[in-house]
1. Sort M139, M31 from largest to smallest accessible area, using a 1.4 Å probe on the heavy atoms of the protein chains.
2. Between I32 and D140, what is the label-to-label distance in nm when each label sits 7 Å out along the Cα-to-Cβ direction?
3. In square angstrom, rounded to the nearest 10, how much accessible surface does E37 have for a 1.4 Å probe?
4. Treating only the Cβ atoms of Lys and Arg (+1) and Asp and Glu (-1) as charged, compute the dipole magnitude of the chain about its Cα centre; round to the nearest 20 debye.
5. Ignoring any ligand, DNA or RNA, what whole percent of the accessible area of the chain comes from carbon and sulfur when the probe is 1.4 angstrom?
6. Tell me, what is the percent relative contact order of the chain, built from C-alpha pairs under 8 Å that lie six or more residues apart?
7. Could you state how much accessible area L152 has, in square angstrom rounded to the nearest 10, with a 1.4 Å probe and all protein chains kept in place?
8. Please list the three semi-axes, largest first and in whole Å, of the ellipsoid equivalent to region 40-177, using sqrt of 5 times the eigenvalues of its alpha carbon gyration tensor.
Amino acid sequence: MAEPRNRYSTVSLTLHWLIAALVVTQVVLIMIRDAAEGELARTLLDLHKSVGLSILVLTLARLGWRIANPAIPLPESTPRWQKLFARGTHVLFYLFLIAMPLVGWAASSAAGREILWFGLFEWPALPIGGGRETAGQLMDMHELAAKGLYVLIFLHVAGALKHHFIDRDNVLHRMIPWIPRRP
Ligand code: HEM
Ligand code: HEM
């Protein structure tokens, strides 16, 4: 019988940790921007937009990879409701990490703002009119989504730590392979 897989592929690991780091970067950039003024504030927002659009592309790539390479099942000892809860959190992560940049992009487009991706090239605008009013409504959705994302991150990290320190299984090891595997 084939050995059950006990860690994710290098592509899955790289995408998980790269996207996680970029999501944290997004929040940090906005926090610093709130305290900044003038040119620096504009640069930080431009960076936020470029990083956000990169997250969109990486998440779509990750979703494609994920469909082609199914996830490893959680341990049999994990109660069914927890398996469903974890699955729900993961699905919502994909949804949020696609919807949030799309909504930000739509808001920027509605407001007629140009996006220069890391200053390298002009990111195309979406065909959305409505001006500042529509942009404001979209930004309200973006801010609400940010709160939902914080809840997801909290639940996700709490779940990962629970597997490691309470259930004492290998779920965290599969995502952080240098953590020693438990027998
Ligand atoms: C913003 C940060 C993060 C995001 C957006 C994120 C997102 C995700 C997603 C979408 C999955 C599901 C992968 C799939 O099946 O397709 C996943 C799995 C996982 N993540 Fe994260 N993650 C983040 C941070 C973290 C952190 C900080 C930890 C560790 C403390 C962690 C530990 C794990 C583990 C252990 C799994 C595998 C669960 C399993 O095998 O069923 N993640 N993550
Ligand atoms: C996954 C990607 C993204 C994440 C996680 C994210 C996250 C956030 C967060 C946490 C905030 C602060 C919300 C608040 O005030 O409570 C924010 C604000 C904002 N985001 Fe994003 N964002 C993403 C992508 C984008 C993109 C692609 C754009 C535009 C192209 C964008 C444009 C903005 C703007 C204009 C603000 C308001 C900044 C301000 O006036 O202070 N975001 N975002």
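The values are calculated or read from the model by the stated rules, or taken from the named source; none is laboratory data. The shown structure was predicted, so the numbers you read here are calculated from the model rather than taken from an experiment. In this analysis, Cβ positions are derived from the backbone assuming ideal geometry, glycine residues included, and neighbour counts consider all displayed protein chains. We work out accessible area using only protein heavy atoms, side chains counted, and drop any ligands, DNA or RNA first. Shrake-Rupley method; radii C 1.70, N 1.55, O 1.52, S 1.80 Å.
1. So, going from the largest accessible area down, we get M31, M139.
2. Placing both labels 7 Å beyond Cα along the Cβ direction yields 3.1 nm.
3. Ignoring ligands and nucleic acids, E37 comes out at about 150 Å².
4. Result for the chain is approximately 900 debye, rounded to the nearest 20.
5. Carbon and sulfur: 69 percent of the exposed surface of the chain.
6. Rounded, it is 22 percent for the chain.
7. Ignoring ligands and nucleic acids, L152 comes out at about 10 Å².
8. They are 35, 16, 14 Å, listed largest first.
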